[in-house]
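The values are calculated or read from the model by the stated rules, or taken from the named source; none is laboratory data. Note that the structure is predicted; figures quoted are calculated from it, not measured. All Cβ positions, even for glycine, are placed from backbone atoms using ideal geometry, and neighbour counts span all protein chains on display.
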Ligand code: COA
């Protein structure tokens with residue numbers, strides 16, 4: 001999703017320079033001199049805490065036998081991320097900004113870019129240094145990106161960073177149904193974990209290209225750790241004692257729930273249900289809600305965490321949450337809404353929990369995966385974004401969704417008493433109480449501000465653009481441009497996530513969907529004097545332009561990460577930041593009023609995330625053959641934006657584009 005790397009990015013301390021505050025108590029156990037098997041040889045800044053054993057194999061009859069080292073073997077076949085040629089990026093940059101600024105500003109920027117790119121100029125020097133870095137690192141970008149896009153960001157992760165996912169409403173109702181569903185869901189995640197642990201996950205492909213699978217191994221047993229200036233993200237899956245527990249949040253209490261039997265087999269659905277009922281019975285009253293602290297700005301939370309960690313009980317509880325495999329939040333009932341508004345309401349509940357008086361304290365927002373299960377059949381997820389992009393998460397959720405619909409027959413377990421889930425206690429001092437009050441006020445303001453609109457556009461789906469030999473993704477992106485033009489009579493900088501996972505440790509680059517061609521098409525659509533044939537030609541040019549940008553981006557030849565790399569090279573070398581990055585045009589180019597992402601999924605799940613600028617939109621979509629699922633977010637505090645109006649414009653734009661193509665086809669067949 002959208003990039004929050006602002007044009008005036010200043011690097012704080014690297015996440016590796018732990019302050020006392022960020023240093024976790026188990027760091028001392030990392031033995032960097034050991035011969036490290038398997039994963040840690042694939043370097044990554046996400047800290048693999050205590051490399052060592054691969055953990056127990058949880059063999060089940062329906063799973064492939066363990067294939068240790070397959071992950072590493074696959075990773076080693078992947079190419080390194082290239083550094084694109086400087087002149088190519090500068091030329092593409094000029095093309096990208098042309099539809100965003102007026103002629104005078106464009107000319108001024110053109111000369112700044114020429115100066116930057118001249119022979120022997122600062123661009124060439126930075127390029128040389130960057131190419132040198134690329135020779136040293138498996139991925140020259142990934143560590144920088146983790147810091148710049150995530151860990152250095154001081155805003156709350158809620159809404160600003162962490163997306164939500166909404167499942168279709170399930171049939172269960174009430175607290176009994178909630179617990180029964182939670183048991184199935186936990187069992188489904190543990191089932192997927194077998195393939196992660198055994199390294200038997202199918203290698204994902206984009207076209208014919210195998211993709212980097214690194215992120216799959218980081219979505220479980222990971223957690224973000226707050227720090228002043230910069231956070232850390234840690235993964236505990238390969239520790240000497242890999243976590244065997246999850247954490248369940250109920251009524252703002254947290255419980256450690258061991259999810260494996262003594263023989264290493266996962267608890268069955270019945271066993272899980274029994275344990276969850278024990279938790280529910282032990283959490284009848286609301287707790288003060290320490291979890292709300294994780295929803296606050298990162299510096300506030302880091303300061304509060306420092307105070308909390310001075311107490312050994314708190315420290316144990318926090319570490320237990322951080323080291324868990326994942327979290328399950330059994331939420332309290334919320335006021336009912338109409339069926340029409342239900343998906344949007346559920347998306348918001350998953351995104352932020354509804355506020356301090358509702359379920360926002362029933363969370364630990366640092367945890368990579370938190371499943372949210374509500375008594376009204378609502379199931380969702382919120383995920384802390386730093387370890388992974390949406391696609392691996394969606395693959396897991398697809399598995400879980402299918403598993404819950406039709407769970408496999410469970411093995412019979414002997415009737416042995418299970419260890420009681422452990423309540424995680426917190427001692428809350430008056431300082432911490434004050435921080436909780438501040439965090440509560442802050443999250444309530446966020447909750448009031450976020451507007452969400454989940455839409456099922458049912459007039460057609462991917463099938464229509466495909467029948468016109470058009471890429472559905474490009475069709476949707478051009479429709480977003482048209483919708484924006486219809487609403488504002490202007491263009492805006494637009495971000496679409498492009499996968500860089502063809503490359504080892506690849507994350508994303510930006511597809512800049514606002515192009516000269518999309519602008520020409522959108523303007524033509526507002527011109528009543530232009531005929532459908534001409535409009536259709538312009539539409540196909542806009543689509544072709546988007547496709548070209550997309551194929552460049554996934555081949556590592558987009559411009560944004562390269563420009564970021566050049567800028568960070570200057571900063572790391574303590575050189576002046578070149579003028580190209582101080583130019584108002586660069587700021588305009590980075591002010592993404594449309595932050596968008598395709599996150600496909602077999603089931604009808606839709607991801608949602610907040611806008612990345614105060615006057616912008618966050619748009620995520622899951623294109624299906626017969627329909628499109630969209631989530632559109634905006635901020636109520638911006639007088640400019642309205643997620644509902646934008647949704648209407650988008651639906652209209654999609655239909656207008658279909659009409660233009662059909663009319664042009666009809667006319668050409670008459671000739
Ligand atoms: N004619 C007919 N069919 C076409 C077509 C054409 N001209 N172009 C594409 N299609 C088909 C494809 O074959 C594909 O078919 P399928 O549905 O059977 O799989 C389908 O249309 C979708 O293709 P398209 O719409 O072009 O999208 P894509 O799958 O190539 O995805 C991106 C494009 C940019 C989304 C993808 O490359 C990407 O980078 N995804 C990752 C984004 C990400 O990480 N998001 C998460 C951020 S948190």
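Applying the selection to region 316-345, what residues are touching a residue at least 12 places away in the same chain (Cβ under 8 Å), part of a loop (DSSP other than H, G, I, E, B) and either more than 24 Å from the chain's Cα centre (by Cα) or farther than 27 Å from residue 231 by Cα (or both)?
331, 332, 333, 334, 336
Report whether or not residue 558 is farther than 30 Å from residue 148 by Cβ, modelled with pLDDT of 95 or more, within 14 Å of the ligand (Cβ to nearest atom) and buried (at least 19 other Cβ atoms within 10 Å of the Cβ).
So residue 558 fails the test.
Residue 119 fails exactly one of the following numbered conditions: (1) assigned to a helix (DSSP H, G or I); (2) exposed (fewer than 15 other Cβ atoms within 10 Å of the Cβ); (3) free of Cβ contacts under 8 Å to residues at least 60 places away in the same chain. What is the number of that condition?
(1)
Looking only at region 392-417, which residues are out of contact with any helix residue (DSSP H, G or I) (no Cβ under 6 Å at 6 or more places or on another chain), within 30 Å of residue 286 (Cβ to Cβ) and touching a residue at least 12 places away in the same chain (Cβ under 8 Å)?
393, 397
If the Cβ limit is 7 Å and pairs must be 6+ apart or interchain, which residue in region 158-178 that is on the phi > 0 side of the Ramachandran plot and touching a residue at least 24 places away in the same chain (Cβ under 8 Å) pairs with which residue that is more than 16 Å from the ligand (Cβ to nearest atom) and in a helix (DSSP H, G or I)?
Listed by first residue and then by second, the contacts come to 159/352; 159/446.
The rows are residues; the columns are (1) surrounded by 21 or more Cβ atoms within 10 Å (Cβ to Cβ); (2) more than 26 Å from the chain's Cα centre (by Cα).
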| position | (1), (2) |
| --- | --- |
| 486 | no, yes |
| 502 | no, no |
| 539 | yes, yes |
| 548 | no, no |
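Is there a residue being in contact (Cβ under 8 Å) with a residue 12 or more places away in the chain and within 16 Å of the ligand (Cβ to nearest atom) anywhere in region 184-193?
No.
Going residue by residue through region 596-616, is there one that turns out to be away from the ligand (no atom under 13 Å from the Cβ), closer than 14 Å to residue 453 by Cα, modelled with pLDDT of 95 or more and assigned to a strand (DSSP E or B)?
Checking region 596-616: not a single residue is away from the ligand (no atom under 13 Å from the Cβ), closer than 14 Å to residue 453 by Cα, modelled with pLDDT of 95 or more and assigned to a strand (DSSP E or B).
Regarding region 166-173, can at least one residue be identified that is closer than 30 Å to residue 306 by Cα, modelled with pLDDT of 95 or more and buried (at least 19 other Cβ atoms within 10 Å of the Cβ)?
Within region 166-173 (the criterion being closer than 30 Å to residue 306 by Cα, modelled with pLDDT of 95 or more and buried (at least 19 other Cβ atoms within 10 Å of the Cβ)), the answer is no, since none of the residues qualifies.
Select, from 382, 344, 320, the only residue that is in contact with a strand residue (DSSP E or B) (Cβ under 6 Å, 6 or more places away or on another chain) and buried (at least 24 other Cβ atoms within 10 Å of the Cβ).
Only one candidate qualifies: 382.
Any residue at all in region 144-156 that is crowded, with 24+ Cβ neighbours inside 10 Å, touching a residue at least 24 places away in the same chain (Cβ under 8 Å) and part of a loop (DSSP other than H, G, I, E, B)?
Within region 144-156, none of the residues are crowded, with 24+ Cβ neighbours inside 10 Å, touching a residue at least 24 places away in the same chain (Cβ under 8 Å) and part of a loop (DSSP other than H, G, I, E, B).
Name the residue that is surrounded by the most Cβ atoms within 10 Å (Cβ to Cβ), counting only residues in region 392-419 that are within 16 Å of the ligand (Cβ to nearest atom) and closer than 21 Å to residue 346 by Cα.
Of everything passing the filter in region 392-419, 397 is surrounded by the most Cβ atoms within 10 Å (Cβ to Cβ).
Can you tell me which residues in region 205-219 are closer than 23 Å to residue 404 by Cα and out of contact with any strand residue (DSSP E or B) (no Cβ under 7 Å at 6 or more places or on another chain)?
216, 217
So which strands (runs of 3 or more DSSP E) stay within region 445-528 end to end and still have 3 or more residues that are away from the ligand (no atom under 16 Å from the Cβ) and touching a residue at least 12 places away in the same chain (Cβ under 8 Å)?
The qualifying strands (runs of 3 or more DSSP E) are 450-457.
Might you check whether a residue that is within 16 Å of the ligand (Cβ to nearest atom), part of a strand (DSSP E or B) and at pLDDT 95 or above occurs anywhere in region 352-371?
yes
Taking residue 297 as the residue in question, decide whether it is crowded, with 24+ Cβ neighbours inside 10 Å and farther than 20 Å from residue 184 by Cα.
no
For region 200-211, name all the residues that are touching a helix residue (DSSP H, G or I) at 6+ places or on another chain (Cβ under 8 Å) and either closer than 14 Å to residue 393 by Cα or free of Cβ contacts under 8 Å to residues at least 12 places away in the same chain (or both).
201, 204
Give the residues of region 199-213 that are surrounded by fewer than 15 Cβ atoms within 10 Å (Cβ to Cβ), within 10 Å of the ligand (Cβ to nearest atom) and in a loop (DSSP other than H, G, I, E, B), sorted by residue number.
207 - this is the single residue of region 199-213 that is surrounded by fewer than 15 Cβ atoms within 10 Å (Cβ to Cβ), within 10 Å of the ligand (Cβ to nearest atom) and in a loop (DSSP other than H, G, I, E, B).
Out of 644, 586, which single residue is away from the ligand (no atom under 16 Å from the Cβ) and either at pLDDT below 95 or in contact with a strand residue (DSSP E or B) (Cβ under 6 Å, 6 or more places away or on another chain) (or both)?
The conditions single out 644.
Within region 73-89, identify whether any single residue is within 30 Å of residue 161 (Cβ to Cβ) and modelled with pLDDT under 95, and answer yes or no.
Within region 73-89 (the criterion being within 30 Å of residue 161 (Cβ to Cβ) and modelled with pLDDT under 95), the answer is yes, since at least one residue qualifies.
Just a yes or no: is a residue in region 265-284 crowded, with 23+ Cβ neighbours inside 10 Å, farther than 16 Å from residue 326 by Cα and either modelled with pLDDT under 95 or under 21 Å from the mean Cα position of the chain (by Cα) (or both)?
Taking every residue of region 265-284 in turn, none turns out to be crowded, with 23+ Cβ neighbours inside 10 Å, farther than 16 Å from residue 326 by Cα and either modelled with pLDDT under 95 or under 21 Å from the mean Cα position of the chain (by Cα) (or both).
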